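Visitor: This is the structure I want to talk about, given as structure tokens.
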Amino acid sequence: MGDGDAATGQATSETTDGGSDGSEALLTSVAAPMIQILGLFLTVGAFLAWRGGGDVELPTVALVLAGVVVLVGAAFAWRGDALLGFVVGGSPVVVASAFVLLSVLVLAAVLLLPSVRLTLSTAPVAIIGVVSLVGPMAEAVQHRRSSRGGRREGVRAASRDRLFNTVLGYLVWQIPLAAVLLVGALWLADVTG
């Protein structure tokens with residue numbers, strides 16, 4: 001077996017160890033932006049609560065949206081390749097219908113569930129939010145360094161995996177930027193208003 005075959009065999013065995021359908025790698029890629037989206041909501045909510053001088057209150061809408069993010073993450077863990085294939089390869093009408101159905105279900109849950117307000121202290125929510133935003137960025141930097149070493153050894157990812165990881169790599173940086181811009185805009189509105 002040549003060096004290229006050994007590298008391919010190693011990559012195949014790693015994929016088999018991590019999950020035969022590659023769903024573990026997909027979950028790892030998708031988990032960072034999902035965690036950051038929750039961190040975005042927590043950070044902005046903590047800033048608004050701090051600005052108002054109170055605790056963070058999570059209404060029913062926020063709890064339902066957090067639940068949806070967790071359920072989507074679980075669905076990707078269970079059948080990530082199939083879901084991604086459905087979104088990318090499905091007809092636009094079917095994909096749009098699935099998103100409309102999901103939106104209707106979320107709206108129905110928000111309207112039909114009793115009004116709940118979960119109250120949390122501002123400082124821990126802010127810390128969890130900031131860590132949720134920054135943690136995946138640090139992991140992305142480490143992953144980029146390790147993937148550069150893999151390319152030097154001749155191991156190349158498939159074109160689809162590279163594109164998927166590139167898009168998610170940009171999201172890992174854009175979501176914290178959105179949080180900074182939102183908090184900055186809210187702070188500026190406070191200062192100038």
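Visitor: What spacing in nm lies between the two simple spin-label points modelled at I127 and S115, each 7 Å away from Cα in the Cβ direction?
Guide: Label at I127, label at S115, 3.2 nm between them.
Visitor: Quickly rank 79-91, 31-43 as a protection proxy: mean count of other C-beta atoms within 10 Å, highest first. Let's see the in-between values first.
Guide: Numbers: 79-91: 13.3, 31-43: 21.1.
Most protected by this proxy first, the peptides run 31-43, 79-91.
Visitor: Run through all the Cα pairs of the stretch 55-102 and give the fraction in each 5 Å bin from 0, expressed as whole percent.
Guide: 5, 18, 18, 23, 16, 9, 6, 3, 1, 0
Visitor: Continuing with the same structure: Set the Förster radius R0 to 41 Å, insert the Cβ-Cβ distance between R145 and E57 as r into 1/(1 + (r/R0)^6), and round the FRET efficiency to 0.05.
Guide: Working: r = 41 Å, r/R0 = 0.99.
Taking R0 as 41 Å, the efficiency between R145 and E57 is 0.50.
Visitor: Also, quick follow-up: For the stretch 34-45, in order, what is each residue's ³J(HN,Hα) by Karplus, 6.51 cos²θ - 1.76 cosθ + 1.60 with θ = phi - 60°, in whole Hz (x at glycine and Pro)?
Guide: 5, 4, 5, 5, 4, x, 4, 4, 5, 5, 5, x
Visitor: What are the residues whose amide H is under 5 Å from the amide H of V116, where those residues sit 5 or more places off or on another chain and H is modelled from the backbone?
Guide: T60
Visitor: Work out, step by step, the length gained on full extension between V95 and V72: first 0.36 nm times the residue separation, then minus their alpha carbon distance; give nm to one decimal.
Guide: On the way: separation 23, 0.36 × 23 = 8.28 nm, distance 1.51 nm.
Contour length minus Cα-Cα distance gives 6.8 nm.
Visitor: Sum up the charges of everything whose Cβ sits under 15 Å from the Cβ of L118, counting Lys and Arg as +1 and Asp and Glu as -1, but leave L118 out.
Guide: With Lys, Arg at +1 and Asp, Glu at -1, the neighbours total -1.
Every number in this text was worked out from the coordinates using simple rules, so none of it is lab data. Every value quoted in this text rests on a predicted model; they were computed, and no experiment measured them. Please note: Cβ atoms are built from the backbone with ideal geometry, for glycine as well, and neighbour counts cover all protein chains shown.
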